[in-house]
Amino acid sequence: MPKLTIIYGTGSGNTGRMAKAIEEGARGAGLEVTINTVDTVTPADIENVDAIAIGSPTYIKAAMPSVINYVKAMADQPLNGKIGAAFGSYGWSGEAANVISKMLEGYEMDVIKPNLRIKRQPSDDGIEECKKLGNQIADKINK
Ligand SMILES: Cc1cc2nc3c(=O)[nH]c(=O)nc-3n(C[C@H](O)[C@H](O)[C@H](O)COP(=O)(O)O)c2cc1C
């Protein structure tokens, strides 16, 4: 079964809600999914996966340092050609997902565009958008 791993940071839970909805969408589309916060993830979580989705909220015009450090550490793994996706909740400027997306592109991953940013707590529509991203990742793997 094709595999997706979702790794995220969240301060007040909004990016976490997005992550869980992406998981739901991806599982519904037939992917095997692991989901972890950045604090509990291990290098093994990105071994042997087809796609990696990374999420961070924006705090002070940046992604969470723990997420950035994890994405930097990913450089030790073979990532070329894997599918990537960046997502995150934001309040007004929303830099985090853009920064993550660029870092994943730097690893020559096949990054889904545009990245998924949702303002504050995801509404029902926002949750649907997240589920769709899960579906989209599955479609891209199956192509
Ligand atoms: C101290 C602080 C700084 C923030 N800085 C930004 C910012 O620079 N740009 C932005 O778009 N949102 C900013 N926000 C809003 C958060 O990104 C927003 O509340 C988001 O929903 C938090 O997601 P989380 O629940 O996953 O932590 C800030 C919030 C706090 C509390």
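The values are calculated or read from the model by the stated rules, or taken from the named source; none is laboratory data. What you see is a predicted model; the values in this text were computed from it and never measured. Methodologically, a virtual Cβ is constructed for each residue, glycine included, from the backbone with ideal geometry; neighbour enumeration extends over all protein chains shown.
For T37, the criteria (1) more than 11 Å from the ligand (Cβ to nearest atom); (2) touching a Phe, Trp or Tyr at 6+ places or on another chain (Cβ under 8 Å) hold in every case but one, which is (1).
Apart from one condition, N98 fits all of (1) out of contact with any helix residue (DSSP H, G or I) (no Cβ under 8 Å at 6 or more places or on another chain); (2) at pLDDT below 95; (3) polar (S, T, N, Q); the exception is (2). The set of residues in segment 87-135 that are over 14 Å from T15 (Cβ atoms) and in a loop (DSSP other than H, G, I, E, B) comprises W92, S93, Y107, E108, M109, I112, K113, P114, S123.
Filter segment 50-69 for residues that are crowded, with 21+ Cβ neighbours inside 10 Å, assigned to a loop (DSSP other than H, G, I, E, B) and in contact with a strand residue (DSSP E or B) (Cβ under 8 Å, 6 or more places away or on another chain) and give the result. The answer is S56, P57.
Could we say that S89 is surrounded by fewer than 24 Cβ atoms within 10 Å (Cβ to Cβ), among the polar types (S, T, N, Q) and within 16 Å of the ligand (Cβ to nearest atom) here? No, not satisfied.
Answer yes if at least one residue in segment 64-85 is within 13 Å of the ligand (Cβ to nearest atom) and among the aliphatic types (A, V, I, L, M), and no otherwise. Yes; the residues of segment 64-85 include at least one that is within 13 Å of the ligand (Cβ to nearest atom) and among the aliphatic types (A, V, I, L, M).
Taking segment 40-63 as the range and being of a type in the set (S, T, Y) and either within 14 Å of the ligand (Cβ to nearest atom) or touching a Lys or Arg at 6+ places or on another chain (Cβ under 7 Å) (or both) as the test, the residues that pass are S56, T58, Y59. Looking across segment 31-69 at every residue that is closer than 14 Å to N98 by Cα and not aliphatic (A, V, I, L, M), the one that is nearest to the chain's Cα centre (by Cα) is identified as G55.
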